[in-house]
Each structure stands twice: as structure tokens, then as C-alpha cells.
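K.L.:
First the structure, then my questions, so here it is.
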Amino acid sequence: MEREVVVTKNAGFCFGAARAVELLEKAASEGKPVYTYGPILNNDRLVESFTKKGVKVIEDVSELKDLPKGIVVIRSHGVSKEVYKALDETGNEVIDATCPFVKRIHKIVDERSKNGEKIVVIGNPTHPEVKGIVGWSNSECTVINTMEEVEKFCRADIKDFCIVAQTTFNSNKFQEFLDIFRKKGYNINVMNTICDATRIRQTEAAELSKKSAVMLVIGDEKSSNSRKLYDICKADCNHTYFIQSVEDIRGRLPVTPGPIGITAGASTPKYIIEEVQSYVRHDF
């Protein structure tokens, strides 16, 4: 018996992720040594598939010193200005697979900070995208990730700030943070840099989770946008599961009446979504 399974329209690769994978696939087909500066996307299965094709992940420019010259592909999350410069000086061909929406943030932070504005980045300070964004600031830069941090934020000596957001930050939380800044009396120049794909994905996930008996969110544990989708779905569907592949749910899902909803983070390949969809529709 087939079960009712609904997959959100925009589950899986966003434009930036698809572009990064396409650029890496092209580089890997050229017969040269290929390196990625950081995992191309936050998805271990995808990274492993490229490792089998000979692509090596490096985490520091210094690693290239002892490796054959070839092609270095910059991860979709982007890197700091300093890393860009260092990579250019290695003698390798450099392909920039940074998401265009992230590149836009780099440009904003670079230009605004050169004009003397202080920068506030709303996002996870340990995430590679945020680390890269901070690395484009020419002036003081503060990263805020939690409600507690924005509540405690106090700079009597500075009133004017340029605020940007990690592209995958929760859009509702971002607005809440902005309200607090305004209540504190700061003059904020807000650049809402949460990408449209993130907003759409979060809206779809919220709507589907309200209608589903079981909700599956597919994504890697390191994927920030996948984690946020899980939080959104869990708020409206008690039986929400965060999984990386079909193996995480094999024989473990509750049998409940009603539809099963599926969404997936921006770094989740289509074939993984299809594997999960097929399993919950026919097998579990």
C-alpha cells in the first residue's frame, strides 16, 4: 500500500549549491589535480563522491605547498579576503564557487566598512560562511547568533551599524533581532541578505509540517540551513526527524495516520531525497 508522501517544491539544492557542484564536476573532468578549499557543500555523502573522483579537501592554504599544482575550487560558503589573496599566490588555477548571494554580502561588508561603518553579522560565528563574511570587514565587526547576545549587546560609544545576515539565518529571528536593536536606540542600516531560496524553503517547511503526521528533514548534521528547517518543522509537528539518508529511518519511523512530509536542506542532492521518498512511500 502506498502512503501519502508530500515533498516540498524547493527541497534540495539551491541555485548556489547546484552551481558549486557543477563547477567542481567540470574541474574534476579536466584531468588535473583538484582541491577544494573546505568541503564544497556541507554534505558528507556528496563530498565522499568527489573524493572517489580524486578531489582532495584542504582546510589551509599551507597544505598546497606540498601538493602538485592543479585547480583549487573555493567552497560555496566563500572565504575571507585574506584567503583569496593567499590562494592567488600559490600558482594554482583558482575557481570561485562561492554562492553569488554570499559574494554580495562580501561586497556590502567590504564597501560599508571602508566607509567607516561598524558591521554586525547575524549568524553562527563558527559557520564557514560567517567566518568568510567577517574576513571582508575593514572595520570593527561583531557576530550575533542568539537572542541572549542581542539583548546583552551594548555600545554606548557607537550608534550607527550596518547589519547583514548569514544567507541561511531564520528570517523570523532576524526580524526579532532587528526590533531589539531599534528599541535600544541604534541607527541600523539593514541589508537583509537572507537569500530568497532560504525564505521560500522555510515557509514551505512550516506550511507542510502543519499538515503532516510525520515530517522528515533531510540534511547533513553540519548544514546550518537544514538544522533551521528541522527547528521550524519541529515547532508544528511532534514527529519530526532530522536525517542524513534513508538509513537513519529504516525501521524506526512511527506508524501514524496522515501524510508524511519531506523537506531537505540546500546542500542535499536530489538522489538522496528520492531514496527517502521511495522508502517511506513503499517500504517502511
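Coordinate-derived values only; no laboratory data. All figures in this text were calculated on a predicted structure; none of them were measured in a lab. Cβ placement follows ideal geometry from the backbone for every residue including glycine, while neighbour counts extend to all protein chains displayed.
K.L.:
Report the relative contact order of the stretch 152-218, percent, no decimals, based on alpha-carbon pairs under 8 angstrom and at least 6 residues apart.
P.N.:
38 percent
K.L.:
What size of dipole, in debye to the nearest 20, comes out for the chain about its Cα centre when the only charges are +1 on Lys and Arg C-beta atoms and -1 on Asp and Glu C-beta atoms?
P.N.:
420 debye
K.L.:
Now for a separate question. Between Met191 and Met147, take the C-beta separation as r, use R0 = 25 Å, and let me know the FRET efficiency to the nearest 0.05.
P.N.:
The calculated FRET efficiency here is 0.75.
K.L.:
Under the rule of -39500 (n - 2.57) per DSSP H run of 4 or more residues, summed and divided by the residues of the chain, what mean residue ellipticity at 222 nm is obtained, to the nearest 500 deg cm²/dmol?
P.N.:
Estimated from H runs of four or more residues: -11500 deg cm²/dmol.
K.L.:
While we're looking at this one, here's another question. Let me know the shape class of the stretch 183-248, please: from the alpha-carbon gyration tensor, a ≥ b ≥ c as square roots of the eigenvalues, rounded when a/c is under 1.5, otherwise prolate if a/b is greater than b/c, or oblate.
P.N.:
Prolate.
K.L.:
Within 12 Å, Cβ to Cβ, of Gly123, how many net charges do the neighbouring residues add up to if Lys/Arg are +1 and Asp/Glu are -1?
P.N.:
Charge balance in the 12 Å sphere: +1.
K.L.:
For the pair Lys9 and Glu111, how long in nm is the line joining their label points, each one 7 Å along Cα→Cβ?
P.N.:
3.2 nm
K.L.:
Shape verdict for the stretch 15-98, please, from the Cα gyration tensor: rounded (a/c under 1.5), prolate (a/b greater than b/c) or oblate.
P.N.:
Taking the square roots of the gyration eigenvalues as a ≥ b ≥ c, the stretch 15-98 is oblate.
K.L.:
Using the alpha-carbon centroid of each, what span in Å lies between the stretch 79-106 and the stretch 1-31?
P.N.:
First find each Cα centre; the distance between them is then 23 Å.
K.L.:
With an 8 Å cut-off on Cα pairs and a minimum separation of 6 or more residues, tell me the relative contact order of the chain in percent.
P.N.:
23 percent
K.L.:
To continue, here is another question. Picking from Ala97, Leu178, Ala11, whose Cα lies most toward the positive end of the charge dipole for the chain (charges on Cβ: Lys, Arg +1; Asp, Glu -1)?
P.N.:
Leu178
K.L.:
How high is the relative contact order of the stretch 15-98? Use alpha-carbon pairs under 8 Å, at least six apart in sequence, and give a whole percent.
P.N.:
Here the relative contact order equals 36 percent.
K.L.:
Give the residue from Val217, Ser49, Ile188 lying farthest towards the positive end of the charge dipole for the chain; charges sit on Cβ (+1 for Lys and Arg, -1 for Asp and Glu) and the dipole is referred to the Cα centre.
P.N.:
Checking the options against the dipole of the chain, the answer is Ile188.
K.L.:
Does the stretch 101-194 classify as rounded, prolate or oblate by the C-alpha gyration tensor (a ≥ b ≥ c root eigenvalues; a/c under 1.5 gives rounded; else a/b over b/c gives prolate, otherwise oblate)?
P.N.:
Oblate, because a/c is 1.5 or more while a/b does not exceed b/c.
K.L.:
Looking at the stretch 122-197, which trypsin sites (Lys or Arg not before Pro) are DSSP coil and have at most 12 other C-beta atoms within 10 Å of their C-beta?
P.N.:
Passing sites in the stretch 122-197 are Lys159.
K.L.:
Next up: Quick one: grab Rg to one decimal and Dmax as a whole number for the stretch 7-161, Cα atoms only, in Å.
P.N.:
17.6, 57
K.L.:
Would you list Met215, Met191, Met147 from fewest to most Cβ contacts within 10 Å?
P.N.:
The order, fewest Cβ neighbours first, is Met147, Met191, Met215.
K.L.:
Distance from a point 7 Å along Cα→Cβ of Ala86 to each backbone N in the stretch 124-154: keep the residues under 20 Å and list them by number.
P.N.:
It comes to 125-139, 141, nothing else.
K.L.:
Then there's this: With r as the distance between the Cβ atoms of Lys210 and Glu93 and R0 = 41 Å, compute the FRET efficiency 1/(1 + (r/R0)^6) and round to 0.05.
P.N.:
E(calc), rounded to 0.05, equals 0.25.
K.L.:
Could you tell me which label, among [x] 17.0, 49; [y] 18.1, 59; [z] 20.5, 66, carries the value of Rg and Dmax of the Cα atoms in Å calculated for this structure?
P.N.:
So the calculated entry is the one marked [z].
K.L.:
Once you've got the GNM for the chain with C-alpha springs shorter than 10 Å, pick whichever of Thr256, Thr193, Thr168 has the biggest mean-square fluctuation.
P.N.:
It is Thr256.
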